[in-house]
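> Pasting a structure here, questions to come.
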Amino acid sequence: MDFINNTLAVFPALLVAVPVVVQLALGAMVLALVLGLLIALARISSIKILRGIATFYLEVIRGTPLLVQLVYIFFVLPSIGVEIEPVPAGILGLGLNYAAYLSEVFRSAILSVEHGQTEAALSLGYTPTKTLWKVVIPQSFVVSMGPIGNYFIAMIKDTALTSVIAVTEILKTANILNSQTFQTTAIYTAAAILYLIISLPLSRVVVVLERKARSSG
Amino acid sequence: MADDTIINVRDVHKTFVSETKRPLWSRLTGRAHVQKRVEVLKGVDLTVHRGETVAILGSSGSGKSTLLRCINKLETIEAGRIYVNGHLIGYEEKDGELISEKASITAKKRTDIGMVFQQFNLFLNKTALGNVMAPLRDVKKMSATAAREIAIPTLELVGLGDKMENYPSKLSGGQKQRVAIARALAMEPSVMLFDEPTSALDPELVGEVLAVIKKIAQQGTTMVIVTHEMQFAREIADRIVVMDQGVIVEQGPPEAIFTRPQHPKTKALLSRSGMIPRESTDS
């Protein structure tokens, strides 16, 4: 019983870190969505240089660990004069990383919109650009909802990595508490449960979104 | 060129090039790809006049669908000229050479050409009404009210006044195709192109679509129909055009084509579809 009581007692101290996690996840997600869409468009562009840049970006991001990318932004960039506060650095690192993965979601969603609709739009006098924005992208967003939701949940869990760049999110807060009280079991159990409490309802939402996307298709 | 010419196709050539990768060893020693070239249009001339209904018949691979798709630049051409309402489609002419024009200019010319596809190609995220309103709003920049005032009567014209709020997934194939016709028609194009409009439909749904096409033909809409429905073509068309292997082999009024076909390919086509008795001289 002691264990349960101790774990419950730690919660209030950890809850303080939840707004930081929300800030990180939402900020990084907005960045990832915008940049991800741009990368996806570059990847399907007819301009070879754009395709090359986007593919290079994708390979670099996917070929290196997120943890290394965060460390790089926070500890290496200052050496060339770019100093970023921990939370913005976390948002930047997570956002740049997830943009690469989301771009693949967008790209396949864009390609999944049947070519016939594109031809129909062109035949009705839509320009290629207008066809993309008015016909293809709105539909690919619907298809992307489920995968985007799943990446969002993954990102919330990955905010824990920003603890190494001095962001006082849940894990960092737990580390600090642990160094003060040494209630290791209670503290990290509470931290794990807190992540579960955040991500479980969200994954239910994703299931609903996926069902919606399927029925509208 | 007479004043009432809507479509003027002059000596159009079109080649499809498909590239296949050669086996690894051949790639190491030579070119990586081998090109396969198929000439699908070998110099086609066609004139369509205002108010005329022209049906293009031909076996599959004859180039009839490609010709239709070239008319609104869904396919590029290598040589020749295509004019719709006097505008050269898809290209600028400079010193006798064809230069690709800006996409926005092609788009503008396309608003004058309606097209109906075999696979309907409705916008799946929009209702029947939304599909008809979309190009009026997005291309013609109409207000929602103005677009609705055109879209509703057009949907009623194709007999879908009671299905306007349905999404494509809740429509039958015949209903989808009628929405597609309404969507193209609402733009008030100078000409409507139909690319095998009933080929993807269950047999019991073909009739309702053909009835709608017939109705708008009788209203004086200029149209070109690529079809396999011989009987329908005979009923509705002012002129039948028969294509084979990339050229027009014969054209004329339906009665002449169906009762006194001249070209052996026409005879073969008609006898295959049971429109005329099979002749032993067919090759």
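The values are calculated or read from the model by the stated rules, or taken from the named source; none is laboratory data. These numbers come from a predicted model, not from an experiment. Don't worry about glycine lacking a Cβ; one is built from the backbone with ideal geometry, like all the others, and counts go over all protein chains shown.
> I'd like the full set of residues that are within 27 Å of B:Arg234 (Cβ to Cβ) and not in a loop (DSSP other than H, G, I, E, B), limited to region B:58-81.
Taking region B:58-81 first, the residues within 27 Å of B:Arg234 (Cβ to Cβ) are B:58-72.
Correct list: B:Lys64, B:Ser65, B:Thr66, B:Leu67, B:Leu68, B:Arg69, B:Cys70, B:Ile71.
> Return only the number of the condition from (1) loosely packed, with under 14 Cβ neighbours inside 10 Å; (2) in contact with a helix residue (DSSP H, G or I) (Cβ under 6 Å, 6 or more places away or on another chain) that A:Ile80 does not satisfy.
Going through the list (1) loosely packed, with under 14 Cβ neighbours inside 10 Å; (2) in contact with a helix residue (DSSP H, G or I) (Cβ under 6 Å, 6 or more places away or on another chain), A:Ile80 breaks only (2).
> What is the one condition in (1) modelled with pLDDT of 95 or more; (2) within 30 Å of A:Asn178 (Cβ to Cβ); (3) surrounded by 15 or more Cβ atoms within 10 Å (Cβ to Cβ) that A:Leu26 does not satisfy?
Among (1) modelled with pLDDT of 95 or more; (2) within 30 Å of A:Asn178 (Cβ to Cβ); (3) surrounded by 15 or more Cβ atoms within 10 Å (Cβ to Cβ), A:Leu26 violates only (3).
> Output the residue which, of all residues in region B:98-115 that are assigned to a strand (DSSP E or B) and facing chain A (nearest Cβ under 9 Å), is nearest to the chain's Cα centre (by Cα). Walk me through it before giving the result.
If we filter region B:98-115 for residues that are assigned to a strand (DSSP E or B), which is where we start, we get B:98-100, B:113-115.
Subset that is facing chain A (nearest Cβ under 9 Å): B:113-115.
Working: B:Ile113: 10, B:Gly114: 9, B:Met115: 6 Å.
So, considering only residues that are assigned to a strand (DSSP E or B) and facing chain A (nearest Cβ under 9 Å), the one nearest to the chain's Cα centre (by Cα) is B:Met115.
> I'm trying to understand the selection: among the residues of region A:181-217, which are β-branched (Val, Ile, Thr) and surrounded by fewer than 16 Cβ atoms within 10 Å (Cβ to Cβ)? If you could, list the steps in order and put the result at the bottom.
Of region A:181-217, the ones β-branched (Val, Ile, Thr) are A:181, A:184-185, A:187, A:189, A:193, A:197-198, A:205-208.
Correct list: A:Thr181, A:Thr184, A:Thr185, A:Ile193, A:Ile197, A:Val205, A:Val207, A:Val208.
> Return the pairs, sorted by first residue and then second, in which the second residue is among the acidic types (Asp, Glu) and in a helix (DSSP H, G or I), the first residue lies in region A:46-73 and is touching a residue at least 24 places away in the same chain (Cβ under 8 Å), the beta carbons are less than 7 Å apart, and the residues are 6+ apart or on different chains.
A:Leu66/A:Asp158
> Which condition does B:Phe120 not pass, out of (1) assigned to a helix (DSSP H, G or I); (2) within 11 Å of chain A (Cβ to nearest Cβ); (3) not aliphatic (A, V, I, L, M), if it passes all the others?
For B:Phe120, the exception is condition (1).
> Tally up the residues in region A:92-135 that are away from chain B (no Cβ under 14 Å), at pLDDT 95 or above and over 14 Å from A:Leu33 (Cβ atoms), please.
2
> Quick one: what pairs do we get from region B:11-25, first residue farther than 17 Å from B:Thr76 by Cα, second among the β-branched types (Val, Ile, Thr), C-beta under 6 Å, 6+ apart or different chains?
B:Thr20/B:Val34; B:Arg22/B:Val34
> Still on this structure, please answer the following. Within region B:129-245, considering only helices (runs of 4 or more DSSP H) that don't extend past its boundaries, which have at least 3 residues that are more than 25 Å from B:Ile276 (Cα to Cα) and away from chain A (no Cβ under 14 Å)? Step through it out loud before you land on a result.
Details: elements: B:144-157, B:173-185, B:203-218, B:230-236.
Where helices (runs of 4 or more DSSP H) fall fully within region B:129-245 and carry at least 3 residues being more than 25 Å from B:Ile276 (Cα to Cα) and away from chain A (no Cβ under 14 Å), they are B:144-157, B:173-185, B:203-218.
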